[in-house]
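Here's the structure we're looking at; comments come further down.
The values are calculated or read from the model by the stated rules, or taken from the named source; none is laboratory data. Nothing here was measured: the structure is a model prediction, and the numbers come from that model. Every residue, glycine among them, receives a Cβ derived from its backbone with ideal geometry; neighbour counts consider all protein chains shown. Surface areas here come from the heavy atoms of the whole protein model, side chains and all, with no ligands, DNA or RNA. Shrake-Rupley method; radii C 1.70, N 1.55, O 1.52, S 1.80 Å.
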Amino acid sequence: MSMSKYNNIAHIKEQFPVLKQTIHGNRLVYLDNAASTQRPIQVIESMTDYARNSHSNVHRGIHFLSEKATYLYEKSRERVAEFIGAKSDEIVFTRNATEAINLVARTWAEQNLSEGDIVLLSELEHHSNIVPWQLLSERKKIRLRFLPFNDIGKIDVSVLSDIWDESIKLVSVSLMSNVFGTIQPVEEIISYAHARGAIVMLDAAQAAAHMPLSVKALNCDFMAVSAHKIYGPTGIGFLWAKRDILEDMPPFLGGGDMILSVDLYSSSWNDIPHKFEAGTPNIEGAAGFAEAVSFISSLGFDTIIKHERVLTDYAIERLEDIEGLTVYGSKDSSHRGVISFYVDNIHPHDVAQILDSRGVAVRAGHHCAQPIMKRLSVPATVRASFAIYNTVEDIDVLVSAIKYAKEFF
Ligand SMILES: Cc1ncc(COP(=O)(O)O)c(C=O)c1O
């Protein structure tokens, strides 16, 4: 795949079959990318090609197909590792980012935290980065503490020194907010935490499609990612962790593939990352995941960021022109393609339904971030989120559909 194939957005859009349909008689305008992005044809084809030509179980058979499937699965791990500048044996395939966060809560945290210890989160986390820690807190009597966020939707790092105490052993924060689209000041959080002996997990589920990730540059200890938010399939994601941390962690689920040997009463564990991948994995998903990261890499983040900034700036300008519409969070292009808003006197669900009748797919609800909704004093917001295949025309359609909704109510 060469860049020349992608010299404009129309060419890129061509690669996405799902976008060619009409919804209720209108061209589909897909603006729900923060929930899940669509897949380019090469991702779809890599999965069907696997199903047609390569399917077998991995790591088990010594026959041709099993070796081919194993090669493909492990090659995918390498390509995904490259995407974040990591080593492939530090990549643990999971079902999604949520499972990756739960894996850390169930293994590293179970082993290393004890009663009274604190996990530091922020008030703008996705439920996936709150609930696993609440469950841990019930199991282990650890405590949770939260960094607040400011009016532009960024974690307020100025309170770190007030909030910090030596019981904080783990910090887990998102790199990009799924409600505001803001990139969080994680470098500052990471260096502050490391200097005080705590380790840091980054929830990169939302960030991964919008900015280059380098675990070395970020110097985090754990990172969670989902394939379906970066033009890949559902049902696969990964946890990355530093090798020595992974090696010391106890296994997550027990079963086939994660063991070296099994007696009736005891077993020994396989090497990382296999120690954490019990049972038959999502091999087809891994094939799609690798293609998705290749797709992103072939576009390049310069192109992606530039395009999403144009869309975001244009959208904010046009949306703020609508009377009675409030855009939450930052108004500058530190937004990376996620805009939450509220239209006075119309419930976000009603806005979304009217938009849908015009072929526009947005998300309305609490976006799995109910604490944010409480803080904003709204039941829900409408969220329009962009991807590389969106255009300014899509935003024009969104804006005219909102105006139509306002007339309707
Ligand atoms: C910031 C953030 N974290 C975690 C998740 C959970 O991702 P998944 O449902 O793929 O596990 C999401 C999904 O919306 C998200 O936006």
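Scanning the stretch 28-60 for residues being hydrophobic (A, V, I, L, M, F, W, C) and either open to solvent by less than 20 Å² (accessible area, probe 1.4 Å) or over 22 Å from the mean Cα position of the chain (by Cα) (or both) gives a total of 7. Only residues that are over 10 Å from T94 (Cα atoms) and touching a helix residue (DSSP H, G or I) at 6+ places or on another chain (Cβ under 8 Å): list them for the stretch 228-239, please. Of everything in the stretch 228-239, those that are over 10 Å from T94 (Cα atoms) and touching a helix residue (DSSP H, G or I) at 6+ places or on another chain (Cβ under 8 Å) turn out to be K229, I230, Y231, G232, P233, T234.
Residues in the stretch 161-207 that are more than 15 Å from the ligand (Cβ to nearest atom) and assigned to a loop (DSSP other than H, G, I, E, B): W164, D165, E166, S167, P185, R196, G197, A198. Selection of first residues in the stretch 12-23 that are open to solvent by 50 Å² or more (accessible area, probe 1.4 Å) and of second residues that are in a helix (DSSP H, G or I), restricted to Cβ pairs under 7 Å at least 6 apart or on distinct chains, gives the following pairs, ordered by first then second residue: P17/I41.
Right, Y342: assigned to a loop (DSSP other than H, G, I, E, B), of a type outside the set (G, A, S) and over 25 Å from V225 (Cβ atoms) or not?
no
Exactly one residue out of L113, L120, L103, L124 is within 11 Å of the ligand (Cβ to nearest atom) and open to solvent by less than 20 Å² (accessible area, probe 1.4 Å): that is L124. Scanning the stretch 208-218 for residues that are away from the ligand (no atom under 13 Å from the Cβ) and not in a loop (DSSP other than H, G, I, E, B) gives V215, K216, A217, L218. Which members of the stretch 83-100 meet the condition of being in a helix (DSSP H, G or I) and either under 17 Å from the mean Cα position of the chain (by Cα) or within 16 Å of the ligand (Cβ to nearest atom) (or both)? Scanning the stretch 83-100 gives F83, A97, T98, E99, A100.
Please verify whether the stretch 385-399 includes one or more residues that are over 30 Å from F301 (Cα atoms) and either of a type in the set (D, E) or surrounded by fewer than 16 Cβ atoms within 10 Å (Cβ to Cβ) (or both). Within the stretch 385-399 (the criterion being over 30 Å from F301 (Cα atoms) and either of a type in the set (D, E) or surrounded by fewer than 16 Cβ atoms within 10 Å (Cβ to Cβ) (or both)), the answer is no, since none of the residues qualifies. Applying a threshold of 9 Å to beta carbon distances and a minimum spacing of six or more residues, or different chains, the list of pairs starting in the stretch 139-166 at a residue that is within 25 Å of Q111 (Cα to Cα) and ending at one that is surrounded by fewer than 13 Cβ atoms within 10 Å (Cβ to Cβ) and small (G, A, S) reads K140/S114; K141/S114; K141/G116; I142/S114; I142/G116; R143/G116; E166/G197.
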